[in-house]
Structures are given as C-alpha cells and as structure tokens.
Amino acid sequence: MKYDDRIEELKQKLYAGILCDVLDQKGCRNQALSNAIHGLNDGTVIFGPAFTSIGTEVYSMPDDPLTAQCKVVDQLGENEIYVLVVRGNYTCAVFGELFATAVKNRKGVGVLLDGYARDIKALSAMDFPLFYRGKNPKTSKGRCEIDECQIPVTMDGVTIHPGDYIFGDIDGVVVIPKDIVEEVIDTALATIEKEDEVRRRLENGSSLQQAYAEIGAI
C-alpha cells in the first residue's frame, strides 16, 4: 500500500467520519462497527491491516489452555492489527497485559476485540492501542479457545478479511476493504482539504449554505 510509510501521519489526519463518508460514496455503506466497541481511552487511534482470528466457546478445560492463542499471536506481522472475534462469547476476557506485550514486541500496531479484556490498569499504563467491547476479570481458560486465524470474520455485521485496513478513533471503528484502501485514502485526504477551505470561509464570515455550494464538502 503506497501509504504504508505514512501511517503515523495518517493517524493524525484521518478520522472515522470522513472514511465512512468516502466508503458511502463508493457504495460500501456498512463498514462501521457499533459504538459498543470503543477505544481504551478517548485518544486511542489504530490504523493498519487486519490479522484476523476467531474464538470458539468451550465448556471444559483443555489440556493446554491458551496455547492455541499463543500460536496465533506469534504469527502477527509487523504493523498489523490483531483482530479477534469471539462469536458472541462474552463470558470472559480474551486479552490482557501479557498478550499486549507480545503484540507490542512483534511490532503490531493495535488490537481490535469483539470481546472483553482485562488488566485494564496495566494496559492503560502502557497506553496500549486497544479497541474492545468491555472488561471482565475472568480468564478465557476453559471458556474460549482462539485457534483459527487469517480467515474472514464478521464483527458487528461487518465482514473483515485478512489485510483489510482498520481505522479506529474516538468516533468508532471503520473497516476499509483492502482492494480500495488507496483510493479511499486519496479521496478522504482531498475531502479534508475541501473541509479546511469551508472552515476558513466560515471563519471569514461566509454563510454555511454558500460555502457548501461553492466547495461541496461539509
């Protein structure tokens, strides 16, 4: 992706709303997750390609609990976002401080959980780039096994393929299909420039109607 060396810059320039607007224009109108999935704090921003995984609810303690998830996380690539879907199993935490440390040391750039996390105090101290559904102190051992990865997954009705780009900020999480990510970013950046011009005109006394008619962006 031509913007790979500008990810940090784009995390500051882009925002979830503009990406949704552009995706709407391209006919992709169901690419945002619900606000039940939120950042660890208001300033949390994630942006990068998805490394997908999926969990299965279990009802007894396996012989080697967590081993399968360790193997999954150990496959995470540099600059990827670890995406974990638990198929509605919200009985336990499926992510915590030590998994976060592993993601960080593999140079992953964030985590997106359709599930619960724990060790929130430690994750906050790390300023870890996490989007998640909530918190729960219970271990996933004997409750959820994460043993499949790099397959299409569905989160909040949105399908995420391996390599799709994930953007998350205070407004929510957006999934950008990998085959159109460059054109989506191109259009978003151009639209942001138009919005900046609208802002300048409003600050100089223009009416909103006039600025919108002349620039075509709000």
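The values are calculated or read from the model by the stated rules, or taken from the named source; none is laboratory data. The structure displayed is predicted, hence computed values, not measured ones. Glycine also receives a Cβ, built like all others from the backbone with ideal geometry; neighbour counts cover every protein chain displayed.
Taking the criterion of being within 16 Å of THR191 (Cα to Cα) and in contact with a helix residue (DSSP H, G or I) (Cβ under 9 Å, 6 or more places away or on another chain), the residues of the range 1-22 that qualify are LEU10, LYS13, LEU14, TYR15, ILE18, LEU19, ASP21, VAL22. Residue under question is ASN79, and the condition is that it be within 16 Å of ILE54 (Cβ to Cβ) and touching a residue at least 40 places away in the same chain (Cβ under 8 Å); does it hold? When the stated conditions are applied, ASN79 does not pass them. Select from the range 135-156 the residues that are more than 20 Å from PHE47 (Cα to Cα) and at pLDDT 95 or above and write down the one among them that is surrounded by the most Cβ atoms within 10 Å (Cβ to Cβ). Step by step, filter the range 135-156, then rank; the result is ASN136. Considering the range 159-169, and only residues there that are out of contact with any helix residue (DSSP H, G or I) (no Cβ under 8 Å at 6 or more places or on another chain) and surrounded by fewer than 18 Cβ atoms within 10 Å (Cβ to Cβ), the residue that is nearest to GLU8 (Cα to Cα) turns out to be PRO162. Applying the condition of being touching a Lys or Arg at 6+ places or on another chain (Cβ under 7 Å) and under 20 Å from THR67 (Cβ atoms) to the range 98-118 and asking which residue is surrounded by the fewest Cβ atoms within 10 Å (Cβ to Cβ) yields ARG118.
All conditions in (1) in a helix (DSSP H, G or I); (2) among the β-branched types (Val, Ile, Thr); (3) surrounded by fewer than 19 Cβ atoms within 10 Å (Cβ to Cβ); (4) within 20 Å of the chain's Cα centre (by Cα) hold for ILE185, with the sole exception of (3). Listed by position, the helices (runs of 4 or more DSSP H) inside the range 1-80 whose residues that are surrounded by 20 or more Cβ atoms within 10 Å (Cβ to Cβ) number at least 1 are 16-25, 67-73. Limited to the range 136-162, what total is found for residues that are part of a strand (DSSP E or B), under 24 Å from GLU97 (Cβ atoms) and free of Cβ contacts under 8 Å to residues at least 60 places away in the same chain? Matching residues across the range 136-162 total 0.
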